[in-house]
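Participant: Just dropping this structure here.
The values are calculated or read from the model by the stated rules, or taken from the named source; none is laboratory data. Just so we're clear, the structure is a prediction, and the values are computed from it rather than from any experiment. Glycine gets a Cβ as well: all are built from the backbone with ideal geometry, and neighbour counts include every protein chain shown.
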Amino acid sequence: MLTRASFSFPFEDALMGMKDLFLNHPEELKLHRYAVIEKLRERISDDGKIVRENLYQLLKSVILPGCKEVIYHFFLACLCRAVAWTLLNL
């Protein structure tokens, strides 16, 4: 969903679609939590402020509360990679 976004289907719409999907089907988040976080990592350094804000809201309200087991180490590793990649691109 996030890798196929285009101008007619921007990333912020894809993020809201993911939010709706995981709120309505929380079992999908539990099944695919690592792949979801890995893909969301790519949007941390997005150029659009709205995309980054929507990503923050999605992570805060749906993704992290929906993954109650300890995935924070994996998430932290993804976050560090995204920040490092952003710094390298500056």
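Participant: Quick check on Ile50: is it modelled with pLDDT of 80 or more, assigned to a helix (DSSP H, G or I) and buried (at least 17 other Cβ atoms within 10 Å of the Cβ)?
Facilitator: No; evaluated as a whole, the condition is false for this residue.
Participant: Kindly list the number of the only condition in (1) modelled with pLDDT of 80 or more; (2) surrounded by fewer than 18 Cβ atoms within 10 Å (Cβ to Cβ); (3) β-branched (Val, Ile, Thr) that fails for Val36.
Facilitator: Condition (2) is where Val36 drops out.
Participant: Within the stretch 17-24, is even one residue at pLDDT below 85 and not polar (S, T, N, Q)?
Facilitator: The answer is no, given that none of the residues of the stretch 17-24 is at pLDDT below 85 and not polar (S, T, N, Q).
Participant: Sort through Glu28, Glu12 and tell me the only one that's modelled with pLDDT of 85 or more and not hydroxyl-bearing (Ser, Thr, Tyr).
Facilitator: Glu28
Participant: A further question on this structure: Among the numbered criteria (1) within 10 Å of the chain's Cα centre (by Cα); (2) in contact (Cβ under 8 Å) with a residue 40 or more places away in the chain, which single criterion is violated by Ser45?
Facilitator: The number of the failed condition is (1).
Participant: Any residue in the stretch 18-31 that is within 19 Å of Val51 (Cβ to Cβ) sitting within a Cβ distance under 7 Å of a residue that is in a loop (DSSP other than H, G, I, E, B)? List the pairs, counting only those 6 or more apart or interchain.
Facilitator: The qualifying pairs are Met18/Met1.
Participant: So Ser45 clears everything in (1) out of contact with any Leu (no Cβ under 6 Å at 6 or more places or on another chain); (2) under 19 Å from Val83 (Cβ atoms); (3) part of a helix (DSSP H, G or I) except one condition, right? Which one?
Facilitator: (3)
Participant: For the structure I just gave you, tell me whether Asn24 is over 12 Å from the mean Cα position of the chain (by Cα) and polar (S, T, N, Q). Step through it out loud before you land on a result.
Facilitator: Working: over 12 Å from the mean Cα position of the chain (by Cα): yes; polar (S, T, N, Q): yes.
Taking the combined requirement at face value, the residue satisfies it.
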